[in-house]
Amino acid sequence: MKNIKALSVTASIMGLLAAPAVAGPDSDSLVINGELEMVTETAAPEHLDGAVGDTIYSGWRFRTDETQALQLDDFDNPAMLTVDKAIDYFNTVDGSEGKSCASCHEGPEEFAGLTASLPRVEDGKLVVLEDIINGHRAEVMGAEPWKWSGQDMQGMVALIGLQSRGMPVDVKIDGDAAPFWEQGKEMYYTRYGQLELSCANCHEQNYGNMIRADHLSQGQTNGFPVYRLKQAQLISKHNRFRGCIRDTRAETFAEGSDEFRALELYVASRGNGLSIETPAVRQ
Amino acid sequence: MADGVKPRVKVPSKAAAGEAIVIKTLISHQMESGQRKDSDGNVIPRSIINRFTADFNGQNVVDVTLEPAISTNPYFEFEATVPESGEFTFTWYDDDGSVYTETKSVETS
Amino acid sequence: MKLTRRETIFAGFGAAVATVLPLPALASVDDAVAAFTGGADVGSDGITLNTPEIAENGNTVPIEVSAPGAVSIMILAAGNPNPDVATFNFGPLAASQSASTRIRLAGTQDVIAVAKMADGSFVRTANEVKVTIGGCGG
Amino acid sequence: MKKMLVTAGLITAFALPLHAEMVAPTQVAFTDGAVEGSLTGTAGDPAAGRVIMNKGAGNCIACHMVSDLEEFPFHGDVGPSLDGVGDRWTEAELRGIVSNAKEMFPDTVMPSFYRTTDFVRPGNGFTGKAAEGELDPLLTAQQVEDVVSYLLTLKE
């Protein structure tokens, strides 16, 4: 298995010497726990208008066999430790009202499908899962809000996302979502910072290529929050957005900012049709 | 005790007597290496799980010494022989003196 | 105590540490092997170490070691600030003298496994693991 | 080797005020994407340029493959291979491309290594915070000359 991976890296370098072709994702298929088949490639959404070619790919397809293996079995997936803790939080009373999540909700299963449809517009505001969780904590439980990228928050985001695992990403981009989607799209193509790099420079124009030893993916968010080996914990979408923009030597946006909500919607829409993999494992 | 340490073990609940079975274990733990510094430049003291043992009905399967180079959330996979019905005991020893245990019963046929 | 990603990289098991510290670590690999073997001769047959050729992140590198008939197996990482990784001691109910775990590597280096066999002899093997370098910023 | 570096250092210190004004990042004159004159008036040092190609200020091999730098692992392939680049481009063209590749290739992904203005949300290095005061170019004028002199050694 290691030889195959080494060959494909060499091949990608050689391929680019000859012609600027995309080395691309590998051909592995993702079946979790030996039974749950994931759609890791599918037809690109129409709104992309061919910008990434015909096909969108999960980030899983760009990882080495060893990293991929960590997502094949829930026992081997370190993210599940944090999901386990979230199940405890779900049942734990917190705040002034003496309530837990379980006081109102039968169980996490009740949220099947929710993550696949987020972000979405509610009462004129673009809402992501962290907003919904902290909203319920404040209004129903009388509890302190969780920090955006805290492991308690992202554990709960992962637990709720897990209920949609295997369902296709399906965010709405028209109607009242349209202005937010347009804002996110403009951000996606803005070349930020002193390095002047947009999301598209790496994840649209150069997916499949190598930046140093990083095999660039399409930057899909269908597996978030992901267990990132680098930080050895669950990483939120907004945290990853912030990291990428910071690495362009730019002044970044804050986690939980309206800008990142809009970007979250736009990036999610680029993955419409891929399976929710939450919680995925990435490098 | 380190915050929120949670063990997970995967053991088949049934096995043929004398059969080799695969066991996987995972425990949530930062495994602070003692090599990192905080934002003020102070070394963060080492705090790891330094030993892990697996026993079945009082007999040892594996006894592991861990160093800081074991990753966050230590993972082990190994094979055990189950001579008769009984119980596995898994034990993790923390630098801070905490001991975490988990047990799993196996029925032989 | 909160660490930013960048601080963690430079202070921790990052590549920067590896490039500065390989020499002292190399010396202590010999010390660690000598302490394990008592200075006995070390063969090379009968031990298998599986490691990725390229580790996408040095913080979590899956490895697998097997030495049929071993009493114990010591794992070392030659390029880490401290080369000790783990020692597996196999009891009477171990169905095989093999184990998998996940380890930290501070950059590209050799991972070494030394097994003590039931008859008191020793065998050793090593694999190089290339640890990737981040593309932008990090 | 050490002696050579010391000598080079002396020449630099000596040469700057006498022979040339350093060209500021905002005053670089591009002609069809190329920059004719040296940015410093001091010849580039290919050995120093070779070091800049690896990790650090230049990090050129993050995106470009260079056979001559094979002792450094993991060359990227976002940009073209630089093997033979000294045959394909003149010194003036290479200086222009390294300083601000967008003059020659308006849509290129390549950062502008000797430019300090007109960025969107420029940051304070890699901190994620806003830049304070004027930006430093990614490479100094002499580093640009060093890299160009190294690239000129890459012949087929």
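The requirement of being more than 30 Å from A:M210 (Cβ to Cβ), among the hydrophobic types (A, V, I, L, M, F, W, C) and surrounded by fewer than 19 Cβ atoms within 10 Å (Cβ to Cβ) is fulfilled nowhere in segment C:83-90; no residue meets it. Only one entry of B:D95, B:D38 meets the criterion of being more than 13 Å from chain C (Cβ to nearest Cβ), without any contact (Cβ under 8 Å) to a residue 60 or more places away in the chain and within 29 Å of C:N82 (Cα to Cα), and that entry is B:D95.
Assess whether D:P80 counts as being within 13 Å of chain A (Cβ to nearest Cβ), under 18 Å from the mean Cα position of the chain (by Cα) and in a loop (DSSP other than H, G, I, E, B). Against the criterion (within 13 Å of chain A (Cβ to nearest Cβ), under 18 Å from the mean Cα position of the chain (by Cα) and in a loop (DSSP other than H, G, I, E, B)), D:P80 qualifies.
Confirm whether A:A232 is within 14 Å of another protein chain (Cβ to nearest Cβ), closer than 30 Å to D:R115 by Cβ and not polar (S, T, N, Q).
On the way: within 14 Å of another protein chain (Cβ to nearest Cβ): yes; closer than 30 Å to D:R115 by Cβ: no; not polar (S, T, N, Q): yes.
When the stated conditions are applied, A:A232 does not pass them.
Can you find a residue that is farther than 20 Å from A:I211 by Cα, touching a strand residue (DSSP E or B) at 6+ places or on another chain (Cβ under 8 Å) and part of a loop (DSSP other than H, G, I, E, B) anywhere in segment D:41-48? Checking segment D:41-48: not a single residue is farther than 20 Å from A:I211 by Cα, touching a strand residue (DSSP E or B) at 6+ places or on another chain (Cβ under 8 Å) and part of a loop (DSSP other than H, G, I, E, B).
If you go through segment D:50-90, how many residues are of a type in the set (V, I, T) and free of Cβ contacts under 8 Å to residues at least 24 places away in the same chain?
To start, the set of residues in segment D:50-90 that are of a type in the set (V, I, T) comprises D:51-52, D:61, D:66, D:78, D:85, D:90.
Next cut, free of Cβ contacts under 8 Å to residues at least 24 places away in the same chain only: D:51, D:61.
So the answer is 2.
If you scan segment A:176-205, which residues turn out to be over 19 Å from D:G128 (Cβ atoms) and without any contact (Cβ under 8 Å) to a residue 24 or more places away in the chain? Correct list: A:A178, A:P179, A:E182, A:E186, A:Y189, A:H203, A:Q205. Of all residues in segment D:89-129, those that are surrounded by fewer than 23 Cβ atoms within 10 Å (Cβ to Cβ), among the hydrophobic types (A, V, I, L, M, F, W, C) and farther than 18 Å from A:L197 by Cβ total 3.
In this structure, D:G96 does not satisfy being small (G, A, S), modelled with pLDDT under 95 and either farther than 25 Å from A:C202 by Cβ or not in a loop (DSSP other than H, G, I, E, B) (or both). Residues in segment A:210-232 that are at pLDDT below 95, buried (at least 23 other Cβ atoms within 10 Å of the Cβ) and touching a Ser or Thr at 6+ places or on another chain (Cβ under 7 Å): A:M210, A:L229.
Here A:R249 does not qualify as within 14 Å of chain C (Cβ to nearest Cβ), free of Cβ contacts under 8 Å to residues at least 40 places away in the same chain and of a type in the set (K, R).
Considering segment A:30-57, the residues that are surrounded by 14 or more Cβ atoms within 10 Å (Cβ to Cβ) and in contact with a strand residue (DSSP E or B) (Cβ under 7 Å, 6 or more places away or on another chain) include one that is farthest from B:P12 (Cα to Cα), namely A:A44. Could you identify the single residue in A:K185, A:K172 that is modelled with pLDDT of 95 or more, assigned to a loop (DSSP other than H, G, I, E, B) and not hydrophobic (A, V, I, L, M, F, W, C)? When all the criteria are applied, what remains is A:K172.
So, restricting to strands (runs of 3 or more DSSP E) that lie completely within segment C:24-138, which ones have at least 1 residues that are within 14 Å of chain B (Cβ to nearest Cβ), over 30 Å from A:F62 (Cα atoms) and at pLDDT 95 or above? Walk me through it before giving the result.
Numbers: elements: C:48-50, C:61-66, C:70-77, C:84-90, C:94-103, C:109-117, C:122-131.
Per the criteria, C:70-77, C:84-90, C:94-103, C:109-117.
The values are calculated or read from the model by the stated rules, or taken from the named source; none is laboratory data. None of the values given here were measured: they were computed from a predicted structure. Glycine also receives a Cβ, built like all others from the backbone with ideal geometry; neighbour counts cover every protein chain displayed.
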